[in-house]
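Here is the structure we will look at, set down as structure tokens.
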Amino acid sequence: MKKLMFALMVSATLYMAACKPESLKQYEPNSAFSLSNLQGTWKLSKVTQRDEDAIRKGFPYKELDLTAPLGQNQVTLTLNLSGTAPGAYVINYGTAAKLLKVGNGNWILDDVNKPGRLTLASGTDSAKLVLSSYANLLNNKLILVQKKLLAGKEVITYNYEFSKN
């Protein structure tokens, strides 16, 4: 029995010694995102409002679809480039309620190579939005998230789902 255990230990040691680590693949920071993916006209297809306080308290009504009641399916957002940088934007609300509270102006990214936030600036007003997954952009979908704070605490979250025209 000892010889068998010794043979198993030797073979396991030889097997482990023969293993070599694979070489690491090079990281490409811009592989999933291109600024040109944001450019163009986006039609608002769905808007949901989530009550963060109701979620914290376990209330049954936590989320509400505002798309049809507020006519949000009429809204379009056009993002233009200025050369190779973010440029002007135009929001056409039609007769829909102005949930974003900004007019036309310039759009800004926190990082043009790997953005996390998109800001729609119009004069002294601005709407700070969080970009969702870059994979959505490849499928002509843009999801922007806007969080409303009260005394530094999240109270309402809006999810804007756009599709490219």
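Within region 71-104, take every residue that is touching a helix residue (DSSP H, G or I) at 6+ places or on another chain (Cβ under 9 Å) and not in a strand (DSSP E or B) and give me the one that is surrounded by the fewest Cβ atoms within 10 Å (Cβ to Cβ). Within region 71-104, the match that is surrounded by the fewest Cβ atoms within 10 Å (Cβ to Cβ) is Thr95.
Within region 49-70, the set of residues being surrounded by fewer than 16 Cβ atoms within 10 Å (Cβ to Cβ) and not basic (Lys, Arg) comprises Asp53, Ala54, Ile55, Gly58, Phe59, Pro60, Tyr61, Glu63, Leu64, Asp65, Ala68, Pro69. Within region 1-36, being modelled with pLDDT of 75 or more, surrounded by 10 or more Cβ atoms within 10 Å (Cβ to Cβ) and not in a helix (DSSP H, G or I) holds for Phe33, Ser34. Within the set Val112, Val90, the sole residue that is among the β-branched types (Val, Ile, Thr), within 20 Å of Leu38 (Cβ to Cβ) and at pLDDT below 95 turns out to be Val112.
Residues that are among the small types (Gly, Ala, Ser) and part of a strand (DSSP E or B) were ranked within region 105-158; the one that is surrounded by the fewest Cβ atoms within 10 Å (Cβ to Cβ) is Ala121. Remark: pairs (first residue in region 98-110, touching a residue at least 24 places away in the same chain (Cβ under 8 Å); second residue among the small types (Gly, Ala, Ser) and buried (at least 18 other Cβ atoms within 10 Å of the Cβ); Cβ separation under 7 Å; 6+ apart in sequence or on different chains) = Leu100/Ala127; Lys101/Ala127; Val102/Ala127.
Scan region 140-152 and tell me whether some residue there is in contact with a Gly (Cβ under 6 Å, 6 or more places away or on another chain) and touching a residue at least 60 places away in the same chain (Cβ under 8 Å). Within region 140-152, not a single residue is in contact with a Gly (Cβ under 6 Å, 6 or more places away or on another chain) and touching a residue at least 60 places away in the same chain (Cβ under 8 Å). Every condition in (1) over 18 Å from the mean Cα position of the chain (by Cα); (2) more than 23 Å from Leu149 (Cβ to Cβ) holds for Tyr134 except the one numbered (1).
The values are calculated or read from the model by the stated rules, or taken from the named source; none is laboratory data. For clarity, every value in this text was computed on a predicted model and none was experimentally measured. In this analysis, Cβ positions are derived from the backbone assuming ideal geometry, glycine residues included, and neighbour counts consider all displayed protein chains.
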